[in-house]
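Below you'll find the structure, written out as structure tokens, and then a few comments.
The values are calculated or read from the model by the stated rules, or taken from the named source; none is laboratory data. Here the structure is a predicted model, which means the values were calculated and not measured. Cβ coordinates were reconstructed from backbone atoms using ideal geometry, including for glycine residues, and neighbour counts include every protein chain displayed. Areas reflect the complete protein model, heavy atoms only, side chains present, ligands, DNA and RNA absent. Shrake-Rupley method; radii C 1.70, N 1.55, O 1.52, S 1.80 Å.
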Amino acid sequence: MTSAQPPVSNDFWRTTRRSFTAMIRRDGFGLLALVVLALVILGPLYSVVLWAFAERWRYPSLIPTEFGFKFWEQTFSRADIAAALPFSIVLSLVVTALSALICLPASYAFARMRFRGRQALLLSFLATNAFPRFGLYISIAVIFFRLNLIGTVPGVIMIQLVNTLLLMIWIPTAAFQGIDRSLEEAALDVGASPLRVFIQITLPMVMPALSAALLLTFVNTFYEAQGALLIGLPRIVTMPVLMYSLINSQLVTQYGAIVSFVLWLPSLLLLLVAQKLLRGGYLTAGFGV
Amino acid sequence: MARLDIIHLTKQFGNVLAVNDAGFTVQDSEFMCILGPSGCGKSTLLRMIAGFEAPTSGDMQIDGESVTALPPNKRPTAMVFQKYTLWPHMTVYENIAFGLGLRGLSRAVIDQKVHDSLALVSLSGYETRYPAQLSGGQQQRVALARAIVLEPKILLLDEPFSSLDAILRVRLREELKRIQRRLKITAIFVTHDQEEALSLADRIAVMSGGQIEQIDHPSTIYANPQTLFVADFIGAMNLLKASAQDGVLRLGGKQLTAPNGIQSSDKITIALRPEDLMIVPDGTPDAWKAQVDQVMDLGHYRKILVDVPDVGELKVYVTKSMTVNEGDRVSLLPIRYLIYQNDAAPIEVNRPAAALT
């Protein structure tokens, strides 16, 4: 009985090879672009991961000569890291939540209402991104200094909120605008109240875009360093700020590598969770793919 | 299920009168079509009945009770939209059950109603599909099921089939008519497609420029268009400029039988249906000499374009049994026409049967 069956794996490889060569013939440029992109994106990551687990890595060997977790223990026994990691996570969550609270109603208004200066206001959110950030931060820092906000948690939250405005207003505005009004009219027509229409019809339809906006806002805030550095120091130290100082002032390369590796994890986890929670293609739809 | 009264209904957008003093009654279980070119205000009229637009003045009453002040979610109307408006994040079942759930019905009752309504539109078994998995025709059928499952007093349809291809459009039209007959539901159907209106409606309201031009049974609309607009808009028509003097009707040097009561004027229009021009043997009294310019085979009949000296080019329908070739010289006799004068109702002229022999 078994002998009658065709060699499955052989067949599989043959078809795979065939489709692969067909792909190269059909779209050689695409494949080349893929390889280059993979090298550019994955190359640096590869180096960081190797350094994070290396105990000994000296020129001229291509990979570390000894792997181990020695530096992990050392890194996490540092008091500054033990304090900064949970603080950074909570800070990012708070900033994301506040940003949503402020921006989502605003984006609904931008999408649905016609008022004077709408276009100018909408464009003004680009302004914070159109100029070098640092200049903006310096002038804000001067004001914050007078208001005694330097080195305080509210100060850092406020400076980070500035960064989130563009994403949290533009993406949801586009999403609300993209919804066909007759879908809402149809719901009104079968007897739903305006509030119910918003909750059960409008909101689910903009959810992919809102999730994308929330996710990007969280990740961006989590990695934001300039503003946090300028406004937060000396008392407030977030993970990226700490990473800067570890990379710049430590002789041990592994500290920086381990911290950057750890900094990856939240966004990676979040992306995975989001992909699981949201239906297939839902999130990518939110990113406009 | 119900009677609808439209009373002096007007809608103004800025300086534009979208609907100008509309007034009519749709009887219980009647199928009324509102027909007109795009921009004539027909959709605005329907949207006022549904509650999506507030009228500038006037009243709407369902079974004698005013609904003008009610928002759309409180009106006993249900609408099928022109665009596909199924909610993409809900299955077919959820789409249809949404309105029922709002009415606080039990799960079992909702199940039964959704099932029945899907059977009515021939889509049993599609409950778990998402709208994106349905064709355009199927989506509009679900939209129809979603509307009728609520047992509305008035069913409103805003060009629901206009984005479907021609064959499907005709099939869904027949299906809609059958469902409407079966449920005896009062329906108002807006369309710019006269064939759709003529085949569906018990009565047609023809609209133009915000004004209702005529409300009548389809055959009456076709046979006796009350205004020039309706005459031109419904079906094919030859419109000819004419003049009258001392009781004699003149058309490009030809004389036509004029009825009594025609006033002297040079602003008269004669409306002549292509099927009311007969090809007659040469030498028939009062016949017009013409030359055939073009012959178009349209299946069960032929449409020919003829050139009549001093009158112009006319459309004529002839049966297939008659041999007509391009370049032929023929004699034509108008056997029925309408005379329009001074915005008044037209005067109908029927040539006595004796003249044909």
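Points worth noting:
- Under the Karplus curve 6.51 cos²θ - 1.76 cosθ + 1.60, θ = phi - 60°, whole-Hz ³J(HN,Hα) for region B:317-328, x wherever Gly or Pro sits: 9, 10, 6, 6, 5, 8, 8, 10, 10, 4, x, 5
- Interchain or long-range residues, amide H under 5 Å from B:Met278's placed H: B:Leu333, B:Ile335
- Within the protein assembly as shown, DSSP assigns beta bridges of which about 80% are antiparallel (rounded to the nearest 5).
- Accessible surface of the protein assembly as shown, 1.4 Å probe, proportion on carbon and sulfur as whole %: 61 percent
- Rounded D (µm²/s) - region A:95-207, Kirkwood Rh over Cα pairs, Stokes-Einstein at 25 °C, 0.890 mPa s: 152 µm²/s
- Mean Kyte hydropathy of -1.0 or more with a Cα span along the axis of at least 24 Å, helices from DSSP in chain A: A:8-26, A:28-53, A:79-112, A:153-177, A:203-223, A:253-277
- Sequentially through region B:57-63, phi angles give Karplus couplings (6.51, -1.76, 1.60; θ = phi - 60°) of 7, x, 9, 10, 10, 10, 6 Hz, Gly and Pro residues having no value and appearing as x.
- Mean separation of Cα contacts under 8 Å (6+ apart) over length of chain A, as relative contact order %: 24 percent
- Here chain B carries DSSP beta bridges of which approximately 75% are antiparallel, counting only pairs with both residues inside.
- Kirkwood's formula applied to the C-alpha pairs of region A:182-255 gives a hydrodynamic radius of 16.0 angstrom.
- For B:Arg129, the amide hydrogen comes within under 5 Å of the amide hydrogens of B:Val92, B:Tyr93, counting only partners 5 or more places away or on other chains and with H modelled in the peptide plane.
- A convex hull fitted around the alpha carbon atoms of region B:31-133 yields 158 Å³ per residue.
- Cα-based radius of gyration for chain B, normalised by 2.2 N^0.38 Å, reads 1.21.
- Paired Rg and Dmax values of region A:8-117, which use every Cα atom, in angstrom: 25.1, 68
- Dividing the helix sum by the residues of chain A, where each DSSP H run of 4 or more adds -39500 (n - 2.57), gives a mean residue ellipticity at 222 nm of -24500 deg cm²/dmol.
- Residues of region B:262-282 with amide N under 19 Å of a point placed 7 Å along Cα→Cβ from B:Ser243: B:262-271
- Cβ crowding within 10 Å averaged over residues, with B:333-343, B:260-270, B:45-55 ranked highest first: B:45-55, B:333-343, B:260-270
- Dimensions (Å) - region B:204-357, Cα atoms, principal axes, largest first: 43, 40, 27
- The stretch between B:Glu175 and B:Asp343 holds 56.6 nm of extra length on full extension. This uses 0.36 nm per residue minus the Cα-Cα distance.
- Computed over the Cα atoms of region A:100-146, the ratio of the radius of gyration to the Kirkwood radius (Rg/Rh) comes to 1.11.
- Per-residue average of Cβ from other chains inside 10 Å of A:189-201: 6
- Accessible surface buried upon B-A contact (total; probe 1.4 Å; Å², nearest 100): 1800 Å²
- Separation of the alpha carbons by more than 21 angstrom is noted, of B:Lys42/B:Lys303; B:Lys42/B:Lys184; B:Lys153/B:Lys177; B:Lys113/B:Lys184; B:Lys177/B:Lys315; B:Lys83/B:Lys113, for B:Lys42/B:Lys303; B:Lys42/B:Lys184; B:Lys177/B:Lys315; B:Lys83/B:Lys113.
- Note on chain B: with a GNM built from Cα contacts shorter than 10 Å, the maximum mean-square fluctuation among B:Pro152, B:Pro281, B:Pro76 falls on B:Pro281.
- Overall dimensions of region A:72-288 as given by Cα atoms, namely Rg and Dmax in Å: 20.1, 69
- Using distinct alpha-carbon pairs, which all enter the 1/r mean, Kirkwood radius of the protein assembly as shown in Å: 32.1 Å
- Based on DSSP H segments of at least four residues, each scored -39500 (n - 2.57), chain B has a per-residue ellipticity at 222 nm of -7000 deg cm²/dmol.
- Evaluating kT/(6 pi eta Rh) at 10 °C and 1.306 mPa s, with the Kirkwood radius of region A:163-205 over Cα pairs in the Stokes-Einstein relation, gives 141 µm² s⁻¹.
- Comparing A:Leu230, A:Leu246, A:Leu39 in a Gaussian network model of chain A (Cα springs below 10 Å), the most mobile by mean-square fluctuation is A:Leu39.
- The label point for A:Phe115 and the one for B:Ala236, both projected 7 Å from the Cα toward the Cβ, are 5.8 nm apart.
- Space enclosed by the convex hull of the alpha-carbon atoms of region B:140-260, per residue, Å³: 151 Å³
- Neighbouring Cβ atoms from other chains, within 10 Å of the Cβ of residues in B:71-80, number 4 on average.
- Estimated translational D of region B:131-186 in µm²/s (Stokes, Kirkwood radius over Cα pairs; 10 °C; 1.306 mPa s): 134 µm²/s
- Value in Å of the Kirkwood radius, where region B:206-283 supplies the Cα pairs that are averaged: 14.3 Å
- Angle between chain B longest axis and helix B:166-183 axis [Cα atoms, degrees, rounded to 10]: 60 degrees
- Angle between chain B longest axis and helix B:92-102 axis [Cα atoms, degrees, rounded to 10]: 70 degrees
- Taking Cα atoms only, the orientation of helix B:107-120 departs from the longest principal axis of chain B by about 20 degrees.
- Region B:297-309 - phi-based ³J(HN,Hα) in whole Hz, Karplus 6.51/-1.76/1.60, Gly and Pro as x: 7, 10, x, 7, 8, 10, 9, 10, 9, 10, 10, 9, x
- Rounded to the nearest 0.05, the FRET efficiency derived from the C-beta distance between A:Val162 and A:Thr253 at R0 = 30 Å is 0.35.
- Close amide H pairs (under 5 Å, H built 1.01 Å from N) link B:Ser208 with B:Glu213, residues at least 5 positions away or on another chain.
- Fluctuation leader among A:Ser88, A:Ser124, A:Ser267 - chain A, Gaussian network, Cα springs under 10 angstrom: A:Ser124
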